[in-house]
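Asks: Okay, handing you the structure first.
The values are calculated or read from the model by the stated rules, or taken from the named source; none is laboratory data. Treat the numbers as computed from the prediction; the structure is a model and nothing was measured. FYI the Cβ positions are ideal-geometry reconstructions off the backbone, even for glycines, and counts take in every protein chain you see. For accessibility, only protein heavy atoms count, side chains too; no ligands or nucleic acids. Shrake-Rupley method; radii C 1.70, N 1.55, O 1.52, S 1.80 Å.
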Amino acid sequence: MTARSLEPAPRPLFERAIVAGAIVEAFKKLDPRRMVKNPVMFVVEVGSFFTTLLWAHAVFTGQGDTSAGFALAVSIWLWFTVVFANLAEAMAEGRGKAQADRLRKARKDIQAKRLAEPRRGAAFELISSAKLLRGDVVLIEAGELIPVDGEVVEGVASVDESAITGESAPVIRESGGDRSAVTGGTRLLSDWLVVRITSEAGQTFLDRMIAMVEGAKRQKTPNEIALDVLLAALTIIFLLATVTLRPFSVFAATQAGQGAPVPLTMLVALLVCLIPTTIGGLLSAIGIAGMDRMVQANVIATSGRAVEAAGDVDVLLLDKTGTITLGNRQATAFLPPKGIDVKELADAAQLASLADETPEGRSIVVLAKEGFGLRGREVKDLGATFVPFTAQTRMSGVDLGARQVRKGAADAISRFVTSQGGTFSAEVTAIVEDVARQGATPLVVADGARVLGVVQLKDIVKGGIKEKFAELRRMGIRTVMITGDNPLTAASIAAEAGVDDFLAEATPEQKLARIREYQAKGHLVAMTGDGTNDAPALAQADVAVAMNTGTQAAKEAGNMVDLDSNPTKLIRIVEIGKQMLMTRGSLTTFSIANDVAKYFAIIPAAFAATYPQLKVLDVMRLHSPASAVMSAVIFNALIIVALIPLALRGIAYRPAPASTVLGRNLLVYGVGGLVLPFPCIKGLDLLLTALGVFPS
Amino acid sequence: MSSHALIELLASFVVLTGLAVPLGEWGARLLADEARPTTPERWLYRLAGVDPASDLTWRAYAAALLVFNLAGTLLVYGLERAQAWLPLNPAHLPGVEPGVALNTAVSFATNTNWQAYAGETTMSLFTQMAALTTQNFVSAATGVGVLLAVIRGLTRVSAKGVGNFWVDLTRSTLLLLPLAALWTVLLVAQGVPQTLAAKVEVAQVANATPQVLAVGPVASQVAIKQLGTNGGGFYNANSAHPLENPTPASNTLEWLAILLLPAALCFTFGRLVQDRRQGWLLYAAMLCILLPLTLLGLWAELRGVPALAALGVDGSLGHLEGKEARFGVVSSVLWSTATTAASNGSVNAMHDSFTPLAGLGPMWLMQLGEVIFGGVGSGLYGLLLHVIVAVFISGLMVGRTPEYLGKKIEAREMKMASLAILLPSAAVLVGTAVSSVVTDGPAALGNPGAHGFSELLYAFSSTANNNGSAFGGLTVNGPFFTLSTAVCMLIGRYWVIIPVLAIAGSLAAKRRIPTSAGTLPTHTPLFLGLLVATMILIGALTFVPALALGPIIEHLQLMGGAS
């Protein structure tokens, strides 16, 4: 199963309620105190205000430097530019808010039963959940909501966590071990729990999640700050280039003895077209949408910084079980010694496993059925008695009258056949050793005194995981398998799964040491973990994803929580991190490349009166100077709206080496950004002319 | 275009590359931190009281550099003012007037070598040698020092220091000295004067009175003016003067000297960062911009002016106005782009008289920030600023925090790179804007209209980017221009050096990230294209409106027949 198929279907981009709320919010965001946080769009707002004044001046005095109508049209579209950028941000925030509202429903103030002593029978008092303190112990019984986050100290119960995970199947929570954390706002379905409170109201997991998805606590990520610097620098450059154009044109007009200085309205229009409004307007939406994509993948990140770091990760530490292999070993081959038919071995092995309900036992029945057409039989129908596995015998099987069929570890079976008067041949020993050498587990099958052969049990590597790892390798990400197996077994599975490295017989200390070793070499390490003993390693890793089923300690140490508790999710997290950066970079390139066409539209228009010869630069053959400027301004505003879906969804992501990705994005967004505005501006010009806005 | 033009172009650059590669390797060996100080070096350090082993933080490095440059500026100013009382003044020249003296002191300290004076009639031989020639060496060495600090920033891991300015200064000067000596000898062999006499009298054929030729230690100054990307001529006519540049052979030598060190330092860089491909990429990026602009200039000049052809002017050798007959169109155009690409500024023809498009190339090469070859050291560290911007944008596009040579490019680097790219551009635009509206500006123009605007734009492009080349036409020794251009020169030099050193310090402190398939390679043709596109876009987008009002409109008017 791939990580992708586990995700819920993505929410549609444009929900009516969200869009309506966002439009209102877009106007509210015009408040300059809020706009100033985005330097690019703040410049546009100031420009809009300025052209509006110019329009008012033209209306009241009757002698503006352009016609009042033109100043009005430019002003309106400049205001639209600001509103559209705000709309993008509001849309992204709106999607987060919708998610938060769902969560907030779970966060109700309820009456909790605070216990005097940490045991079930103790006396309790009813207290508001908001007043619970860290360290208080509460009793929760079937049907009740868990008041705040805590750690189970007594009891076992099934809990409905769908309010948080969206997963309707209940989960088991019990004291001790790695299943002891409970989350406030989830509901107990059965039994009872005694829980010690670990975080107070307002700081619970649910509260943090709400704050996160709402973007209330959103801080700019490091790359976002660096990009802001670049955008601000570009804005200043273009501000200078346009402001100085006024004295230049005064000089030109004086020297040429014709024409007039460039009208201020036109200069503001040129400025707004040149500064990177496309990326400036969409930048914060991209960041919020990146967090939103994490939430949709059922991952809660504690900060945008963590999401961004995920894109930089180049070493993934993955637990073997559940991530690389299916949970259990399975029978993969029957290996009889010479002189014994493989079918006889298969038949005996199946008989010995019929009543064995362990996954290994079932897999032997299935292999015999699939490989040799041996149908599963009912133990009762055969009149057989099941001999279960015990710690003393260390084997299991069936008795069919006098016939004793057994399977078990080599030494156990050896003792059994010797006691029956048989011998454990050197050939069988050789097969057993051979299987072990390949990293698999040998089970020997005996029928009375006769040894029939060996069943090979192997870890089954998940389908498609090898391809996934190859994909990661092409992206420059190393995968390291962590396992408690011995080095031999680990090496064999590592080879089969195609990981780059493995850590066998891993202890928490070794994991921590390995992470530090990678970091010392300059790598950025990501890992998943769920147990309390994973906490030090999680705290050390650059991107640490705690499983939601894990302990509170693991969740505190990590910087993300995977609500699905799916270790393969790490790969998806890396993709989301990369996609967010790629979207920013590509739209920046697009935004800058757009400027070329705008120059070709506006420069000839601005100097039409002074230097009519510059008309040759008007490669688009636009209708008139006024229509050229209007078309460029309108294009500049509409492109923001047109790119909102892209900003929210993120650009197409396919894993590939960096140079391939760059080549592709450069072609689409660089060359595309260079070419696209030409037909668009020409089209707008034709449309405006056809509508009769600019009489010829 | 004639095959002669193409052959000369091709041959020149093949020879340049052939010399630059080994010189770059030699330079790397000389300048590497591992190189042990030679005996003369040790004497110098003992004399100056410098501990060559001490390692300076970027702030301390910058402070040492600024103090040294300030001292140099004051010294040059003092020598200029006092030259009447100093020895070696055979022509009995008076002290230089304060505005010009200040402008010149700043100009030579900043490696600009903008000349608001005529050398042979303003500066005594002592001033030419002790003040100007000395600055030619140490201003270039200062540039190399900053480059070395940046290289250390890229190569050191989690380090505090970026090197020792005094050691870098000494070693870079020792790199320049033998080359300058060699070039001096070669130029003398071509007939460039090298004497302490002030004048020679030559009998004239048509006139009874002998002609007086000003001479002096010309060859030694010309050699370093070219090698150190200084460009300040001994004579007012610079390398168009027959005694500074007498023959086609001397012309070739001087042309090579203009580009040689900026080219060689690319290879020094590649070797010192232990990845020669990086050096080749930077060199290729420079050629990718220089060669097309040179071809544009050649095309425009060889094609000539239709209006003149209509008057019966023979255009078979191209547009010869303002050019030395012994060099012709091709060598003049090659020089014009080389001298403005490298922040040299010496001229062997009058750029003012070029056709508009051939004049556009040199102007735009300066406006790009003197990073296409650029000054010795300063060109390469300037180019690295653009690499940082290109790496940043492309790094985001591949979905990783951008990195260059294993060092992460983050907010601080972007802030400093933006500042260093922004300020010289701002100085050009603001300087031109102010000069085009104050009365002092238009009054100094040699020509009206769009050409006059080009003269102003050229002057500020040249000074704010520390080139020093003059378009001609403009009279620049008045107080408005000596002061405004001096301010531009200071901004263009030190407001790039300080942010660049800050970047060096911040990079040196970082860890190195190992390369993987996820790392964006910075030696590929794809990255080359991206880097060139970044430079062109930023350069073009900033200056297109200004250029449209200068050379572009002038070209259109000329071609359209209107005046």
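Asks: For residue B:263, state whether it is touching a residue at least 24 places away in the same chain (Cβ under 8 Å), touching a Ser or Thr at 6+ places or on another chain (Cβ under 6 Å) and open to solvent by less than 10 Å² (accessible area, probe 1.4 Å).
Replies: Spelling it out, it is not the case that residue B:263 is touching a residue at least 24 places away in the same chain (Cβ under 8 Å), touching a Ser or Thr at 6+ places or on another chain (Cβ under 6 Å) and open to solvent by less than 10 Å² (accessible area, probe 1.4 Å).
Asks: I would also like to ask the following. Based on this model, can you work out whether residue A:647 counts as farther than 30 Å from residue A:474 by Cβ, more than 12 Å from chain B (Cβ to nearest Cβ), touching a helix residue (DSSP H, G or I) at 6+ places or on another chain (Cβ under 8 Å) and part of a helix (DSSP H, G or I)?
Replies: Spelling it out, it is not the case that residue A:647 is farther than 30 Å from residue A:474 by Cβ, more than 12 Å from chain B (Cβ to nearest Cβ), touching a helix residue (DSSP H, G or I) at 6+ places or on another chain (Cβ under 8 Å) and part of a helix (DSSP H, G or I).
Asks: Just the residues that are surrounded by fewer than 17 Cβ atoms within 10 Å (Cβ to Cβ) and part of a helix (DSSP H, G or I), please, taken from the stretch B:189-222.
Replies: Across the stretch B:189-222, the qualifying residue is only B:189.
Rundown of residues vs (1) at pLDDT below 90; (2) open to solvent by 10 Å² or more (accessible area, probe 1.4 Å); (3) more than 14 Å from chain B (Cβ to nearest Cβ), yes/no style:
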| site | (1), (2), (3) |
| --- | --- |
| A:288 | yes, yes, yes |
| A:291 | yes, yes, yes |
| A:294 | yes, no, yes |
| A:304 | yes, yes, no |
| A:318 | yes, no, yes |
| A:322 | yes, yes, yes |
| A:332 | yes, yes, yes |
| A:350 | yes, no, yes |
| A:357 | yes, yes, yes |
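Every residue, every condition in (1) assigned to a loop (DSSP other than H, G, I, E, B); (2) open to solvent by 10 Å² or more (accessible area, probe 1.4 Å), yes or no:
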residue	(1), (2)
B:510	yes, yes
B:513	yes, yes
B:517	yes, yes
B:523	yes, yes
B:530	no, yes
B:533	no, yes
B:545	no, no
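Asks: Would you confirm whether any residue within the stretch B:407-420 is among the charged types (D, E, K, R) and touching a Lys or Arg at 6+ places or on another chain (Cβ under 8 Å)?
Replies: Looking through the stretch B:407-420, at least one residue is among the charged types (D, E, K, R) and touching a Lys or Arg at 6+ places or on another chain (Cβ under 8 Å).
Asks: Restricting the stretch A:206-232 to residues that are open to solvent by 20 Å² or more (accessible area, probe 1.4 Å) and among the β-branched types (Val, Ile, Thr), which is modelled with the lowest pLDDT?
Replies: So, considering only residues that are open to solvent by 20 Å² or more (accessible area, probe 1.4 Å) and among the β-branched types (Val, Ile, Thr), the one modelled with the lowest pLDDT is A:225.
Asks: Now for a separate question. Which fully enclosed helices (runs of 4 or more DSSP H) of the stretch B:1-88 have 1 or more residues being open to solvent by 70 Å² or more (accessible area, probe 1.4 Å) and in contact with a Ser or Thr (Cβ under 7 Å, 6 or more places away or on another chain)?
Replies: B:39-48
Asks: Among the residues of the stretch A:536-550, what is the count of those that are surrounded by fewer than 24 Cβ atoms within 10 Å (Cβ to Cβ), touching a helix residue (DSSP H, G or I) at 6+ places or on another chain (Cβ under 7 Å) and not acidic (Asp, Glu)?
Replies: 3
Asks: Restrict the check to the stretch B:244-257 and report whether at least one residue is hydrophobic (A, V, I, L, M, F, W, C), crowded, with 16+ Cβ neighbours inside 10 Å and touching a strand residue (DSSP E or B) at 6+ places or on another chain (Cβ under 8 Å).
Replies: Checked the stretch B:244-257: no residue is hydrophobic (A, V, I, L, M, F, W, C), crowded, with 16+ Cβ neighbours inside 10 Å and touching a strand residue (DSSP E or B) at 6+ places or on another chain (Cβ under 8 Å).
Asks: Yes or no: the stretch A:571-584 includes at least one residue that is modelled with pLDDT under 85 and within 27 Å of residue B:515 (Cβ to Cβ).
Replies: yes
Asks: Being modelled with pLDDT of 75 or more and either assigned to a strand (DSSP E or B) or in contact with a Phe, Trp or Tyr (Cβ under 8 Å, 6 or more places away or on another chain) (or both) narrows it down to one residue among A:196, A:134; which is it?
Replies: Sole residue among the options that is modelled with pLDDT of 75 or more and either assigned to a strand (DSSP E or B) or in contact with a Phe, Trp or Tyr (Cβ under 8 Å, 6 or more places away or on another chain) (or both): A:196.
Asks: Considering each residue of the stretch A:219-267, count those that are under 28 Å from residue A:57 (Cα atoms) and either at the interface with another protein chain (Cβ under 9 Å from one of its Cβ atoms) or not in a helix (DSSP H, G or I) (or both), and give that number.
Replies: 23
Asks: Failed condition for residue A:526, given (1) surrounded by fewer than 22 Cβ atoms within 10 Å (Cβ to Cβ); (2) touching a strand residue (DSSP E or B) at 6+ places or on another chain (Cβ under 8 Å), with all others met?
Replies: Residue A:526 satisfies all of (1) surrounded by fewer than 22 Cβ atoms within 10 Å (Cβ to Cβ); (2) touching a strand residue (DSSP E or B) at 6+ places or on another chain (Cβ under 8 Å) except (1).
Asks: Would you check which residues across the stretch B:343-362 are assigned to a helix (DSSP H, G or I) and among the aliphatic types (A, V, I, L, M) and list them?
Replies: Selection gives B:357, B:358, B:360.
Asks: A further question follows. Which condition from (1) within 14 Å of chain B (Cβ to nearest Cβ); (2) more than 30 Å from residue A:679 (Cβ to Cβ); (3) open to solvent by less than 10 Å² (accessible area, probe 1.4 Å); (4) of a type outside the set (Asp, Glu) is the one that residue A:581 breaks?
Replies: Condition (2) is where residue A:581 drops out.
Asks: Confirm whether residue A:686 is away from chain B (no Cβ under 12 Å), buried (at least 22 other Cβ atoms within 10 Å of the Cβ) and not small (Gly, Ala, Ser).
Replies: Spelling it out, it is not the case that residue A:686 is away from chain B (no Cβ under 12 Å), buried (at least 22 other Cβ atoms within 10 Å of the Cβ) and not small (Gly, Ala, Ser).
Asks: Give all pairs with beta carbons closer than 6 Å in which a residue from the stretch A:550-566 that is among the hydroxyl-bearing types (Ser, Thr, Tyr) meets a residue that is open to solvent by 10 Å² or more (accessible area, probe 1.4 Å) and at pLDDT below 80; count only pairs at least 6 apart in sequence or on separate chains.
Replies: A:551/A:178; A:551/A:532; A:565/A:549
Asks: Anything in the stretch A:442-460 that is closer than 21 Å to residue A:495 by Cβ and crowded, with 19+ Cβ neighbours inside 10 Å? List them, or say none.
Replies: A:442, A:456, A:457, A:458, A:459
Asks: Here is a follow-up. Sort out which residues of the stretch A:599-642 are among the basic types (Lys, Arg) and within 14 Å of chain B (Cβ to nearest Cβ), and write them in order of number.
Replies: The one that is among the basic types (Lys, Arg) and within 14 Å of chain B (Cβ to nearest Cβ): A:615.
Asks: Name the one entry in A:112, A:58, A:68 that is under 24 Å from residue A:208 (Cα atoms) and in contact (Cβ under 8 Å) with a residue 12 or more places away in the chain.
Replies: Being under 24 Å from residue A:208 (Cα atoms) and in contact (Cβ under 8 Å) with a residue 12 or more places away in the chain holds for just one of A:112, A:58, A:68, which is A:112.
Asks: Just one of B:242, B:248, B:292, B:262 is out of contact with any Lys or Arg (no Cβ under 7 Å at 6 or more places or on another chain), closer than 25 Å to residue B:347 by Cβ and at pLDDT below 95; which is it?
Replies: B:242
Asks: Quick one: in the stretch A:650-682, which of the residues that are over 29 Å from the mean Cα position of the chain (by Cα) and crowded, with 24+ Cβ neighbours inside 10 Å is nearest to the other protein chains (Cβ to nearest Cβ)?
Replies: A:677
Asks: Name every residue in the stretch B:435-450 that is within 10 Å of chain A (Cβ to nearest Cβ), among the aliphatic types (A, V, I, L, M) and surrounded by fewer than 17 Cβ atoms within 10 Å (Cβ to Cβ), in order of residue number.
Replies: Of everything in the stretch B:435-450, those that are within 10 Å of chain A (Cβ to nearest Cβ), among the aliphatic types (A, V, I, L, M) and surrounded by fewer than 17 Cβ atoms within 10 Å (Cβ to Cβ) turn out to be B:437, B:438.
Asks: In the stretch B:471-496, what count of residues is obtained for those that are crowded, with 24+ Cβ neighbours inside 10 Å and aliphatic (A, V, I, L, M)?
Replies: Final tally of qualifying residues: 2.
Asks: Quick one: is residue A:590 in a helix (DSSP H, G or I), more than 10 Å from chain B (Cβ to nearest Cβ) and in contact with a Phe, Trp or Tyr (Cβ under 9 Å, 6 or more places away or on another chain)?
Replies: yes
Asks: A follow-up question, please. Report, by residue number, each residue of the stretch B:457-470 that is open to solvent by 10 Å² or more (accessible area, probe 1.4 Å) and within 17 Å of residue B:433 (Cα to Cα).
Replies: B:465
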